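The values are calculated or read from the model by the stated rules, or taken from the named source; none is laboratory data. Predicted model only: the values in this text are computed from it and were never measured. No Cβ is skipped: glycine too gets one built from the backbone with ideal geometry, and neighbour counts run over all protein chains shown.
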Amino acid sequence: MMAYLIALDDGHGKNTSGKRTPYIDHLGHSIRENEFNKQVVKYLDTELKRNGFDTLLVAPTDVDTSLSKRTKRANNAGADAYVSIHYNAYDGSFTGSNPSGIELYVYPGNLNRKAGKLAYHIGSYLRKGTKQNYRGVKEANFQVLRETNMAAVLSENGFMDHPDEAMLMMDAEFQQEVAIEHAKGICDFFNVLYVREQSEAWFIGRRVESIFDGELRFYNQPSWSDTDVVGYLKKGYGFPEITARVPVGGGDQYKAVNSSGAVFYVTTSEKYVQVI
């Protein structure tokens, strides 16, 4: 079976007029939108390739490639999906109402079609992963959504003119998180099991919490046995620090400590828990 091809668009060129934050005094300069978009696409490209996808960078240089060239490249290549990464703006100033958060767009009439489904999958992970205000999936007559022949989604991952979100643009951890949540959503849409990079213990020192609607069992030792169950986690509850990942017959568990230093074990399955 051939791999799915995902067209990746890093939105705007390096020197596109107006596509930047207001001047930031303590930095001594503005942050260009492309500085964020380009890095997220770089990370997303790596994530998707590791999970078995082929990718097409429709604007691979710092030059502001025209929108028609971007969509033509994706259409000519027969891409299965088109994902355009952006950062929003409201009024170009750090004063005023300063809206914040993430929103996704599809072409009008596509909320209940493939593009809408792809956007909802991506949005569901962004909503859980970045801890920003989630503004939902919306419709817009954007050229990259209108002129593509495949499921196409444009994501706005924050507001450049919100003081806090502007600083997130250059935060490598945030850039990676946004890329990972996009990759997870794309994997879900194409029914591909997402596999996280395992080259390093990325989870050490992080919080693990339940995303299960019921009560999630945890244990006093590495085990799946009923006799070793010592409690249950409600959705949103968890342990503040993971110290290890241990193999247990039938699947791995996180070894974690609570605020008092007591050690417990809970599943690593992303169906039931998230690491934040």
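Quick look at the numbers
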read-out: Test: Asp80 is acidic (Asp, Glu), over 27 Å from Ile24 (Cβ atoms), surrounded by 17 or more Cβ atoms within 10 Å (Cβ to Cβ) and in contact with a strand residue (DSSP E or B) (Cβ under 8 Å, 6 or more places away or on another chain); value: yes
read-out: Hey, Arg217 surrounded by 13 or more Cβ atoms within 10 Å (Cβ to Cβ) and touching a Pro at 6+ places or on another chain (Cβ under 8 Å) or not; value: no
read-out: Residue count, the stretch 154-180 (criterion: more than 16 Å from Ser93 (Cα to Cα), touching a residue at least 24 places away in the same chain (Cβ under 8 Å) and charged (D, E, K, R)); value: 2
read-out: Selected residue (criterion: farthest from Met169 (Cα to Cα)) from residues of the stretch 25-70 that are part of a strand (DSSP E or B) and modelled with pLDDT of 95 or more; value: Asp54
read-out: Residue ranges of strands (runs of 3 or more DSSP E) in the stretch 170-276 with at least 2 members among the β-branched types (Val, Ile, Thr) and more than 30 Å from Gly52 (Cβ to Cβ); value: 229-233
